[in-house]
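Worksheet: the structure to be examined is printed underneath.
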Amino acid sequence: MQKLRDIKPIVEIPDYSFWIYFAFIVVITLLAAILVYQIVKLLSTKKVNRRKEILQMLRNLDCNDSKKCAYLLTKYGKYLVTDESRARLYEDLVKKLTHYKYKKNVSTFPEDLKKEIRLFLRVHDE
């Protein structure tokens with residue numbers, strides 16, 4: 001047999017496909033871990049109880065400023081109403097507070113109205 005002269009020896013071609021595949025797996029795993037972490041974090045955050053925030057804000061009202069107090073009790077008190085008896089209590093309170101909302105200069109709340117406001121706010125503790 002004659003020796004072939006024009007055939008060159010086998011040349012090694014660098015193959016990086018294994019490392020590319022490995023990097024792809026690592027990136028996908030990292031993204032999945034971050035996604036799971038974000039979902040768990042989102043689900044585990046405590047929801048702020050809007051009703052409790054409103055109740056606390058209304059308890060901290062200054063009853064000496066009767067006009068502002070009347071407006072805020074009327075505006076936010078409706079969010080505290082959950083049943084029929086509390087709705088009636090709220091409606092009675094709003095009727096009594098209407099006098100203090102629409103006049104330019106108003107006097108401070110009488111003691112019986114302050115007691116009724118405290119009763120309205122205390123009923124919502126239960």
Over the stretch 72-98, the set of residues among the hydrophobic types (A, V, I, L, M, F, W, C), surrounded by 15 or more Cβ atoms within 10 Å (Cβ to Cβ) and more than 22 Å from the chain's Cα centre (by Cα) is Leu73, Leu89, Leu93, Val94, Leu97
When (1) outside any helix (DSSP H, G or I); (2) more than 28 Å from the chain's Cα centre (by Cα); (3) not basic (Lys, Arg) are applied to Glu116, the one that fails is (1)
Here the residues within the stretch 27-71 that are surrounded by 11 or more Cβ atoms within 10 Å (Cβ to Cβ) and either among the small types (Gly, Ala, Ser) or over 30 Å from Thr98 (Cα atoms) (or both) are Ser66, Ala70
Here the qualifying pairs (Cβ atoms under 7 Å; residues six or more apart or on different chains; first in the stretch 70-94 and among the aromatic types (Phe, Trp, Tyr); second surrounded by 14 or more Cβ atoms within 10 Å (Cβ to Cβ)) come out as Tyr71/Lys101; Tyr76/Ile54; Tyr76/Leu58; Tyr79/Ile54; Tyr90/Gly77; Tyr90/Val81; Tyr90/Phe120
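In the stretch 92-107, what residues are in a loop (DSSP other than H, G, I, E, B) and within 21 Å of Leu121 (Cβ to Cβ)?
Going residue by residue through the stretch 92-107, those that are in a loop (DSSP other than H, G, I, E, B) are 102-107.
Across the stretch 92-107, the qualifying residue is only Val106.
Residue by residue through the stretch 104-119, note down the ones that are free of Cβ contacts under 8 Å to residues at least 24 places away in the same chain and either among the charged types (D, E, K, R) or open to solvent by 100 Å² or more (accessible area, probe 1.4 Å) (or both). Steps first, please.
If we filter the stretch 104-119 for residues that are free of Cβ contacts under 8 Å to residues at least 24 places away in the same chain, which is where we start, we get 104-105, 110-113, 115, 118.
Of everything in the stretch 104-119, those that are free of Cβ contacts under 8 Å to residues at least 24 places away in the same chain and either among the charged types (D, E, K, R) or open to solvent by 100 Å² or more (accessible area, probe 1.4 Å) (or both) turn out to be Lys104, Asn105, Glu111, Asp112, Lys115, Arg118.
The values are calculated or read from the model by the stated rules, or taken from the named source; none is laboratory data. This is a predicted model, so every value here is computed, not measured. Neighbour counts are summed over all protein chains in view; Cβ atoms, including those assigned to glycine, are modelled from backbone coordinates with ideal geometry. The protein model used for the area step is the full one, side chains on, heavy atoms only, and it has no ligands, DNA or RNA in it. Shrake-Rupley method; radii C 1.70, N 1.55, O 1.52, S 1.80 Å.
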